[in-house]
1. For the range 309-450, take the alpha-carbon Rg, divide it by the Kirkwood Rh, and send me Rg/Rh.
2. Can you give the longest run of the chain that contains no trypsin sites (Lys or Arg not before Pro) sitting in a DSSP loop with at most 16 other Cβ atoms inside 10 Å?
3. Tell me, how many Å apart are the Cα centres for the range 387-408 and for the range 200-250?
4. Report, please, the projected area of the chain averaged over directions, based on the convex hull of its C-alpha atoms, in nm².
5. Taking all pairs of distinct Cα atoms, average 1/r, flip it, and tell me the Kirkwood hydrodynamic radius of the range 45-89 in Å to one decimal place.
6. Which of GLY57, GLY180, GLY240 ends up with the largest GNM mean-square fluctuation for the chain, with Cα atoms connected below 10 Å?
7. Run through the DSSP bridge list for the range 42-189 and note the antiparallel percent, rounded to the nearest 5.
8. Work out the charge dipole of the chain with +1 on the Cβ of Lys and Arg and -1 on the Cβ of Asp and Glu about the Cα centre, then indicate which of GLY142, GLY124, THR389 is farthest towards its positive end.
Amino acid sequence: MIRSSTDGARGPRPRYRTRLALVIGAVGMLATAGAIALPNTASAASTLGASAAERGGRYFGTAVAANKLNDSAYTTILNREFNQVTPENEMKIDATEPQRGQFSYGNADRIVQHARSRGMQVRGHTLAWHSQQPGWMQSLSGSTLRQAMLNHVTQVATHFRGQVTWWDVVNEAYADGSSGARRDSNLQRTGNDWIEAAFRAADAADPNAQLCYNDYNIDNWNDAKTQAVYRMVQDFKQRGVPIDCVGLQSHFTGGSNYPSNYRTTLSSFAALGVDVHITELDIRNAPADAYRNVTNDCLAVARCKGITVWGIRDSDSWRSGESPLLFNGSGQKKPAYDAVLTALNNGNPGGNPTTPPPGGGCTTSTTAGTVWGDRYNTSVTVSGASNWTVVVAVTAPQSISTTWSGSASLSSNNTVLTMRSNGSGNTFGFTTMMNGNSSARPQVRSCTAG
Ligand code: XIL
């Protein structure tokens, strides 16, 4: 299993100022040769995804709906701000296996392709769930259902092998309220071991994916449901059931609220030896304070790998009546957006561990290099690890033409660079062809140790 943990060292942002002066100088000298737009150098921390990536290689993601990928207002924000994507409905059981044994991946594949071609990581959601089951599955029970569920997990995880970083293997298996019991469902009635059976099937189908349990109302550390999920994860870790992570949906909508002990919940799960993810965040009326608190809580816990909001604009939300997201219906940034970006850029005021955990993460700082009329250089310095893998994306039509001081692999359109350390130090570089776009600047998508 690929494990990438995080540290939260701050990037040496002030360095941009000196480099900016050098770049302005270089551009000034070249200006006589032709019209050159002044490059916007320090773009690394001006978007949610880029800033999260600088905070120990975290992500900032969003749920995406396939039928909105041809809405340019939507994709403009998606491509600019986010470095992680979760298909909102397209990987659910009713979408991927509408008829028993007949799999359908078109919409999910479209989202995966959109994301991965831009260096965004994908969270698969979800392999086993009581809800959004196709009719044929709803009517099954017993060992027939158990076999059909396991076959579904195997087929879907195999189809997306190598493309999905994290899977929500099982979603929402616990009951609300004070019982601390499993939720009653057709899957639960196949036997209490259905959850671990699903995790084992997913692990066999995609051994490199990170396997998560995902649920809502497990945010308040004092809730019976939180405690019950905690005990299940503890039990799985003790018995060697392959679980890597817990997803807290964190829908602070529909009557649920951000709890003041949220950070305790995140760190308590993390202490079991799993990563934690905030997987479906939305907050009624999007108060800046609550969004800031959630962000700072994640940054304070080294194993909190990232935050996914459940949609881009309020109009995209499943609870649009509560206007719970970071962009309004016109795609404008709301105050909560500024609160989140500022919290990310400031690092964590609550105190990050300064030493990355064993096999831990890394951070990057990006420096603008020489600019020519048709191309420009960028260098990236990695700290926190000597063996590292950094993913950097440029915005098409820009494309990466040359790289140095690392072992490079490029996506087919030369927009996503995966650079691995090759013993030549912790700074690597690359040249980007502008191809008509002189203002966009590269964004670091992730930094992984090892
Ligand atoms: C929601 C989607 O946002 C809606 O479009 C769909 O109609 C219902 O499901 N918990 C989950 C998500 O794990 O899959 C749900 O998504 C929201 C609650």
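What follows draws every value from the coordinates through simple rules; no lab data is involved. Model, not experiment: these values are computed from the prediction. Cβ: placed from backbone, ideal geometry, glycine included. Neighbour counts: every protein chain shown.
1. Working: Rg = 18.1 Å, Rh = 17.3 Å.
Result: Rg/Rh = 1.05.
2. Details: sites that count: ARG10, ARG100, ARG161, ARG183, ARG319.
Result for the longest clean stretch: 184-318.
3. 34 Å
4. Details: hull surface 82.9 nm².
If you wrap the Cα atoms of the chain in a convex hull and average its projections, you get 20.7 nm².
5. Working: mean 1/r = 0.0922 Å⁻¹.
One decimal place: 10.8 Å for the Kirkwood radius.
6. Its mean-square fluctuation being the largest, the pick is GLY240.
7. Working: 2 of 13 bridges.
Of those bridges, close to 15 percent are antiparallel.
8. THR389
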